[in-house]
1. Give me the residue from the stretch 341-352 that is of a type in the set (A, V, I, L, M) and either surrounded by 12 or more Cβ atoms within 10 Å (Cβ to Cβ) or assigned to a helix (DSSP H, G or I) (or both) and, out of that set, modelled with the highest pLDDT.
2. Name the one entry in Leu307, Leu325 that is under 13 Å from Leu24 (Cα atoms), under 21 Å from the mean Cα position of the chain (by Cα) and aliphatic (A, V, I, L, M).
3. Considering only the stretch 282-340, state which residues are touching a Pro at 6+ places or on another chain (Cβ under 8 Å) and of a type in the set (S, T, N, Q).
4. Give the stretch 22-48 a look and list any residue that's surrounded by 19 or more Cβ atoms within 10 Å (Cβ to Cβ) and farther than 15 Å from Arg81 by Cα, or say none.
5. Which of the residues belonging to the stretch 95-110 are without any contact (Cβ under 8 Å) to a residue 40 or more places away in the chain and either within 20 Å of the chain's Cα centre (by Cα) or assigned to a loop (DSSP other than H, G, I, E, B) (or both)?
6. For the stretch 33-64, give me the residue count where each residue is modelled with pLDDT of 90 or more and more than 12 Å from the chain's Cα centre (by Cα).
7. Going by the structure shown, is Thr92 in contact (Cβ under 8 Å) with a residue 40 or more places away in the chain, assigned to a strand (DSSP E or B), of a type in the set (Ser, Thr, Tyr) and surrounded by fewer than 22 Cβ atoms within 10 Å (Cβ to Cβ)?
8. Which ones in the stretch 11-33 are within 25 Å of Ala287 (Cα to Cα), small (Gly, Ala, Ser) and in a loop (DSSP other than H, G, I, E, B)?
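The values are calculated or read from the model by the stated rules, or taken from the named source; none is laboratory data. These numbers were taken from a predicted model, which means no experiment stands behind them. Using ideal geometry, Cβ is built from the backbone for each residue, glycine included, and neighbour counts are taken over all protein chains shown.
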Amino acid sequence: MITAIKVQDLRGVRSGALSALAPLSVLVGRNGAGKSAVLEALAIGASDQPAELLGRVVQSRGGWCGAGYLVRMGAEAAQLRVTLSSGVQRTTRLTYAPHAAALEPAEVPPGTPGNARLSSVSLLTEVVTAGQADPAAPAAPWRGVGRVLFADDNAYGASAQPPTPGERLRLVHPAATRGHPLWRTLGEAVRTGRDQAAVELLRPVVGADLRDLYFMPEGDDARVGNVHLRYPWGSVPVDVAGDGVRALVRIALELAARPDEVVLIEEPEVHLHPGAIWAAARAALEAQRRGVQVILSTHSLELIDALVDQAGDALDAVAVTRLALQAGELRAHTIPGPELRLLRGALAEELR
């Protein structure tokens with residue numbers, strides 16, 4: 001589980017820190033307060049596959065060419081320091097180059113023309129584990145070096161890197177799923193035995209008689225297709241059911257994660273009506289009860305109300321962190337779950 005993070009020179013954040021992250025942490029704040037920057041910092045800084053997660057982070061940002069936005073303008077590099085409950089402390093340094101040099105074929109994004117100009121982000125990760133057998137002996141840090149190349153359309157290729165001591169982690173953008181279609185998410189859930197757990201989470205919203213989710217191939221090669229909701233009377237393609245159902249299906253599939261994973265979700269309420277927001281909150285709580293750490297950002301007071309109302313004896317595992325970004329300084333104030341009812345008025349002023 002991630003317990004704390006320090007950020008320096010990432011995106012618009014010159015410096016800032018979050019501590020005492022809860023098993024279910026909710027990040028709130030006005031637009032531009034640093035919520036997305038914190039989620040991206042957690043994804044890159046905590047993942048056991050940081051180069052791959054960095055590629056996904058940049059690819060999900062449609063409309064931006066390359067990864068130059070990650071390092072704050074005028075800074076030499078960005079630095080992330082993440083502390084895990086296991087005692088592991090990870091420090092990752094990100095250096096951006098607008099013109100990548102010394103290209104390795106395995107790093108070049110698939111389908112990139114030979115004369116294409118590629119940018120790159122180099123990663124230097126150092127990991128120190130507390131609680132050594134001999135406390136007097138200095139800890140010998142694990143070091144890993146990686147690089148990610150980006151084409152102008154944000155396609156990426158990550159250098160081969162052995163897994164680092166860190167978290168198995170998922171970053172979910174329900175409203176920005178570029179590069180990761182829903183059928184692929186379903187395939188990952190089926191391979192890991194998580195699909196039926198997702199169905200249980202979906203039934204209260206899409207119908208108690210929902211049997212399962214399945215993939216319907218299309219095209220001659222059958223490598224692409226649609227995800228369908230299967231009922232006793234037939235099936236409905238998720239894309240036909242609407243944006244809200246598609247977003248909720250993705251959230252449920254991702255939250256039906258293994259107990260040792262971390263799931264980061266950016267604004268799960270996007271496209272969801274109030275009943276579906278309630279279901280998304282329930283899915284987050286159920287995931288936390290199974291041992292999954294959930295960290296999400298939101299602009300929805302309804303989502304926070306749903307979490308508080310459904311948490312029951314798990315409210316101690318919930319916390320809301322209010323973020324503000326002032327002249328590059330990230331400020332954070334955490335409200336423990338048991339105090340959320342008392343401080344709802346203050347949150348309402350910020351979220352309304």
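1. For the stretch 341-352, the residue satisfying everything is Leu343.
2. Every option except Leu307 fails the conditions.
3. Scanning the stretch 282-340 gives Gln288, Gln293, Thr298.
4. Ala22, Pro23, Leu24, Ser25, Val26, Leu27, Val28, Gly29, Ala33, Gly34, Lys35, Ser36
5. Pro98, His99, Ala101, Ala102
6. Of the residues in the stretch 33-64, 2 are modelled with pLDDT of 90 or more and more than 12 Å from the chain's Cα centre (by Cα).
7. no
8. Ser19, Ala20, Ala22, Gly29
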